[in-house]
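Right, one structure below, let's go through it.
What follows draws every value from the coordinates through simple rules; no lab data is involved. As the structure is a computational prediction, the values presented were derived from the model and not from experiment. Heads up, the Cβs are rebuilt from the backbone with ideal geometry, glycines too, and the neighbour counts pull from every protein chain shown.
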Amino acid sequence: MQIVRKLLVKLTKSVMSVTPKAWVLWAKNHPKLVAAYSRNLHKSGLLYQLQTMEELTRSYTAYQQYQQHQITELVPSPESLWDNVTPNNVLICVPSFDAEALKTTLTSIAEQHTAFANVLVWCDTQDTVALMAVLSQHLDCDFSLITALSEVPYDMAHQPCFMLFSGDVVAPFLCTLLPKLITPATHIAYVDSDVCDSAGSRSFPDFKPDWNPDLQLTAGYVSSGVWVDKLSRVEAHVGQSCRLTPFLISQFLCLCYVNGNEERIEHIPLVLVSRPENVAPFNLAAPLLADAYRPFADIIASNLPTLTLRWKLPSSPLVSIIIPTKNAMELVKACIDSILQKTTYSNYEILLINNGSDDIDCINYFVELDKHPKIRVIDYDKAFNYSAINNFAAKHANGDVLALVNNDIEVISPDWLRDMVSHVLRDDIGCVGAKLLFSDDRIQHAGVVMGYGGGAGHAHKYFPADHFGYMNRLVASHNYSAVTAACLLITTADFWAVGGLNEQDLAIAFNDVDLCLKVLQLGRRNLYCAEAVLYHHESVSRGHEDTPEKVLRFKGELSYLQTHWQHVIAADPAYNPNLTLRRENFGIKDFFISD
């Protein structure tokens, strides 16, 4: 039967791919057809995971053609170059001398359609004679050789500068594009990158999100290809005598956040730098970062390619864990037992909200639970409305922190609550979500991406639990626009500052997304905590959107989300416009060039 369902779903998809759009829209507007397709899709177990190498090569080739078309539209003709534009300098960092790598970078700079004003070369090598020989041979312009940022001439230190490493290749129109793409108020900007092998073949693009401070702290996702409005800004953060390392640009951006400065950091979603395939990974154990992090976080040893930060707890506030349920005794028991037995953070209360349970065994179990010193069972006798139930519970909560938890959640990592609390207490963090796994150890939730399916969806859904994810985003705690309320922490103050969950318009779906987006408007960032791992036996108790009534209700809630959060759906800052919204796998979108 399972095989038959999969074949039916695949056949349906094949038919829909050649069906006129008008017919597809007609089918989508009939709840019974949508409900039947939904049921079979869930039962089929079809997975959407990473693109194959063939798919990645094909889609990235199409993207490069599309980008070239975009650049052709952006780049002016030689006779219409801008006047009164401050010229850009370029800083090439050479932490260790490799003649071939340096030649590659110099060649790409020499091929610029508009030359850089000045070329600065920061070297950390004693072999200056060989270095000077390579520079003289491959540069037709003047250049300055420095061994520390303090040696940069004053006028150059206060001019715009593009920073990269020896071995990096820059796009031919980079110098021309920068004034076009960077706004006057920008302090720092970074570009997307890919990998270039020794034969010049490009692959594995890093389509980065907009400025994501926590992803920089844990994964160093921006490591080269960074523009600054003045080079003295770098010196102010890393220090005059800072030693040049292959990770200096990553560390500079980390320190921009750590030092609390208000730099305006922008993202240019074009692949304008290609990095060599043998480039070293971000050095997460760099002493410079270890010292900088120490005041607010401990670095936890791990074998991951990212940094595991355990933020220090300034206090241990009471957390009110809110769990709504109707019957579902086995689910509730597994959920509460796992919290009581495994959770290392001890200052919490559990509010079990009984929404009209009628199973006598369940009712008797709730009576016993109510006797536990950490548990209160509170009756809510109205119709099921997820938003209303949680708002009701929040009014009965004693904690300074609210934890919205589904009844089908089960604890895996004992420090889940401690790790999440340490983030939610940060002044600049709003909602905190966890890494949630299906019962078969595949990813159910690891952050919410706006725009999936026209509304919102779960990043990396169905990936294996031990997968690192796109750009290591499954194993790095970092910022998303939204997280799921299946397991979500928020301070009580922030919850009520945005009016709680929207019980009028979003009774079932998207209320958590709406909550998170409202919290963003408070000036907070929402965060996916990769260290907090729990099972989510998703929708076991409530079911899927597989009846005509549920389909109609879901469509209404989706319409509300699309109407009120259209700008975030159109351009999620935690995603990238070059990535697909058709699947939750961080694949490259389909690109078509119009004539």
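Cross-link pairs exceeding 32 Å between alpha carbons, from the set K208/K435; K180/K461; K326/K589; K342/K461: K180/K461; K326/K589. The ranking of C242, C431, C516 by Cβ neighbour count inside 10 Å, starting from the fewest, reads C242, C516, C431. Can you bin the range 55-301 into rounded, prolate or oblate? Criterion: square roots of the alpha carbon gyration tensor eigenvalues sorted a ≥ b ≥ c, rounded for a/c under 1.5, prolate for a/b above b/c, oblate for the rest. Judged from the Cα gyration tensor, the range 55-301 comes out rounded (a/c under 1.5). Ordering S150, S387, S241 by the number of other Cβ atoms within 10 Å of each residue's own Cβ, fewest first, gives S241, S150, S387. Computed over the range 145-188, the P(r) tail beyond 16 angstrom holds 54 percent of alpha carbon pairs. Rg over Rh for the range 198-295 works out to 0.95, both radii taken from alpha-carbon positions and Rh defined as the Kirkwood radius. Residues I71, I409, I92 in ascending order of nearby Cβ atoms (within 10 Å, fewest first): I71, I92, I409.
Go ahead and collect, in residue order, the members of the range 183-208 whose backbone nitrogen is under 20 Å from a label point 7 Å along the Cα-Cβ direction of A110. Residues passing the 20 Å test: 198-201.
For K550, the aspartates and glutamates whose Cα falls under 17 Å of its own Cα, not counting residues fewer than eight places away in the same chain, are E503, D505, E538. Residues within the reach of a label modelled at N278 (point 7 angstrom out along Cα to beta-carbon, backbone nitrogen below 11 Å), restricted to the range 195-211, are 198. Computed from the C-beta positions of T547 and T52 and an R0 of 45 Å, the FRET efficiency is 0.80 to the nearest 0.05. Most tightly packed first, judged by the mean number of other beta-carbon atoms within 10 Å of their residues, the peptides 493-502, 347-356 read 347-356, 493-502. In the chain, the DSSP-assigned H stretches of four residues or longer account for a calculated mean residue ellipticity at 222 nm of -10500 deg cm²/dmol, using -39500 (n - 2.57) per stretch and the full residue count as denominator. Simple rule: put +1 on each Lys or Arg Cβ and -1 on each Asp or Glu Cβ in the range 55-301, find the dipole, and look at Q70, H187, V258; the Cα lying farthest toward the positive end is V258. Label zone (V195, point 7 Å along Cα-to-C-beta; backbone nitrogen cut-off 14 Å) within the range 558-595: none. Placing one equal scatterer on every Cα of the chain and applying the Debye formula, the log10 ratio I(q)/I(0) at q = 0.10, 0.11, 0.12 Å⁻¹ is -0.93, -1.08, -1.22. Extending 7 Å from Cα along the Cβ direction at S559 and again at Q70 yields two label points whose distance is 3.3 nm. Can you give the % of DSSP beta bridges in the range 316-570 that are antiparallel, to the nearest 5? Percentage antiparallel, nearest 5: 45.
Summing +1 for each Lys or Arg and -1 for each Asp or Glu among the other residues whose beta-carbon sits under 11 angstrom from that of V152 gives -2. What does the charge count around N355 come to, taking other residues whose C-beta lies under 9 Å from its C-beta (Lys +1, Arg +1, Asp -1, Glu -1)? In short, 0.
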